Every structure is written in C-alpha cells, then in structure tokens.
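To start, the structure under review is shown below, and the notes come after it.
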Amino acid sequence: MYQFHNERPSPEFYLDVSRSAIPNALSIHKFGANFDIDQNTDPESVWTGSGLYPWSSLSSAQTIYCISTSASDTATLTIEGLDANYDQQTETVTLTGTTAVTTSNTFIRVFRMTYEDGANVGDITARVTSGTGTVVAKIDAGYAQTLMAVYTIPAGFTGYMVALDATIDGTKTCQVVMYHRLTGKPFRIAHVAESTGHYRYDFRVPLKLPEKTDIDIRIDQVSSNDARVTANFDIILLKD
C-alpha cells in the first residue's frame with residue numbers, strides 16, 4: 001500500500017489516483033461557499049446553510065427529510081454521506097416540491113447533494129427530525145449542487161489533506177481556520193491563516209486524518225459585513 005513520505009508525490013501519482021489506477025486510493029475534492037458573513041455573526045462555516053455547521057444534529061444516524069421551496073423541483077436528488085457505521089453511502093430520492101420526502105436509509109453524515117435535472121428553481125434542503133427540522137445540507141436556487149466545505153473521513157480509510165484554499169471578496173480580510181475533530185475529542189484547530197483576497201496552502205507533508213475525523217472550514221474575524229467567502233480542499237483517501 002502506498003505511504004506518504006516527507007515529499008510531495010509526483011503529478012503522475014495524483015493522475016493515477018484520479019483514474020483509479022492505484023488500488024484502495026480515492027480522491028476527494030470538497031468545495032464550499034458562504035455568501036454573507038458579517039462581523040457580528042462570525043465565525044461561520046463555509047457552507048450555504050449559514051452560521052456554524054450543526055454537527056450535533058447528526059450525533060446519531062438520522063432519516064433525512066428533503067424539501068424545496070419551489071413546487072417545480074420534482075426531479076431526482078442524490079445524497080452522499082455516511083451510514084451509522086461511518087461507511088460511505090449514496091441514496092437518490094425523487095423530490096415532490098414543497099412536500100418533504102424521506103430517505104430509506106439513515107445518515108450519520110451528509111456532505112454532498114446533487115439535483116440531477118439541471119438548475120433547481122427553489123432552495124433545496126436536507127433536514128433532520130422533520131421537513132421543518134435542522135438543515136444539514138442546502139442547495140441554493142440555481143446551483144444544483146451543495147457548496148459545503150465540511151467532510152468526514154469514512155470508516156476504514158485514512159485521509160491525507162494535500163491542499164487547502166480560500167477566497168474573500170474584494171479587499172476584505174478574514175481568518176481562515178481549518179477545524180478537525182478526532183473520534184471522541186472536541187473540535188480543534190489544525191490549520192489557521194490570515195487572508196486578503198486569495199489564500200492557498202499546499203501541504204508538503206500531507207496532513208494525516210484518521211477514520212471518522214470531522215473537517216470544518218470556518219471563517220472568522222471578517223473585516224467588514226456582507227463578506228462573500230469560498231473554500232476548497234483536496235484529500236487522498238487510502239484504505240487502511
């Protein structure tokens with residue numbers, strides 16, 4: 001099995017991972033946005049649900065309720081996340097507009113949704129408890145895809161973060177903070193930087209993330225209101 005050492009892998013390695021040429025290795029690219037962070041609301045996670053991501057709402061595996069704010073959204077929605085055992089799980093449901101539909105499976109994490117019929121007309125949300133419960137994933141109208149810079153390493157894998165970047169609009173400044181939470185531990189800072197405009201960090205030694213580690217990119221100390229922020233990170237998953 002491939003092991004990372006104190007040097008960056010060659011470009012060919014990343015290409016081989018992307019084309020599934022390296023056994024038991026997967027690439028994960030996560031990207032998120034938060035289009036309105038104010039000085040009196042930060043820190044906020046980089047996702048379109050606003051505020052900090054509600055990790056406590058998924059402390060146990062939950063049925064997911066999917067609903068749109070528009071009756072026109074009646075196509076297939078694909079939900080990606082983890083099951084009760086933290087194994088990777090994907091499910092599709094057919095939306096019924098403003099009436100909530102439930103998943104057949106339960107999820108302990110949800111980290112991506114895709115609307116499969118072009119642009120969605122309304123905001124599509126995935127919620128716990130009921131169709132009016134806490135939002136754990138959101139697709140803004142027109143985007144057809146969640147924008148959430150949060151992720152959890154599946155069971156049976158170790159993750160290696162190789163790159164992280166973030167942007168803030170105009171000449172605004174902010175603090176970019178990567179939080180991670182190991183099993184049974186509280187969230188702790190794993191990487192922090194001050195940024196104006198664009199920030200990028202390539203990990204010379206990839207950051208090791210054991211199975212079930214939660215990752216949450218947060219923005220703090222914005223210099224002015226109405227800050228628009230994006231964040232992206234790349235992880236190589238290697239099967240243990």
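Any read-out appearing in this document is the output of simple, stated calculations on the displayed coordinates, not a laboratory observation. Owing to the predicted nature of the structure, the values given are computational and were not obtained by experimental measurement. Methodologically, a virtual Cβ is constructed for each residue, glycine included, from the backbone with ideal geometry; neighbour enumeration extends over all protein chains shown.
By how many nm would the segment from GLU12 to GLN145 lengthen if fully extended, with 0.36 nm per residue of separation less the alpha-carbon distance?
On the way: separation 133, 0.36 × 133 = 47.88 nm, distance 2.92 nm.
Full extension from GLU12 to GLN145 adds 45.0 nm.
Computed 3J(HN,Hα) for the range 64-76, one whole-Hz value per residue from the Karplus formula 6.51 cos²θ - 1.76 cosθ + 1.60 where θ = phi - 60°, is 9, 9, 10, 8, 10, 8, 10, 5, 6, 8, 10, 9, 7, glycine and proline marked x.
Between ASP220 and THR183, how high is the FRET efficiency from 1/(1 + (r/R0)^6) when r is the Cβ-Cβ distance and R₀ = 22 Å? Nearest 0.05. If you can, show how the numbers build up before the last one.
Values: r = 25 Å, r/R0 = 1.14.
After rounding, the FRET efficiency stands at 0.30.
Each residue, ASP117 and THR78, gets one label point 7 Å from its Cα in the Cβ direction; the gap between the two is 1.6 nm. Per-residue 3J(HN,Hα) values for the range 49-60, derived from phi via the Karplus relation 6.51 cos²θ - 1.76 cosθ + 1.60 with θ = phi - 60°, read x, 6, x, 6, 5, x, 4, 5, 6, 10, 6, 9 Hz in sequence order (x marks Gly and Pro). For LYS239, the lysines whose Cα comes closer than 22 Å to its Cα, not counting residues fewer than 8 places off in the same chain, are LYS30, LYS208, LYS212. Mind running the shape call on the range 90-232? Use the C-alpha gyration tensor, a ≥ b ≥ c as the square roots of the eigenvalues: rounded below 1.5 for a/c, prolate if a/b tops b/c, oblate otherwise. Here the range 90-232 falls in the oblate category.
Mind running the shape call on the chain? Use the C-alpha gyration tensor, a ≥ b ≥ c as the square roots of the eigenvalues: rounded below 1.5 for a/c, prolate if a/b tops b/c, oblate otherwise. Because a/c hits 1.5 or more and a/b fails to exceed b/c, the chain counts as oblate. Averaging 1/r over each pair of different alpha-carbon atoms in the range 63-139 and inverting the result gives 12.1 Å, the Kirkwood hydrodynamic radius.
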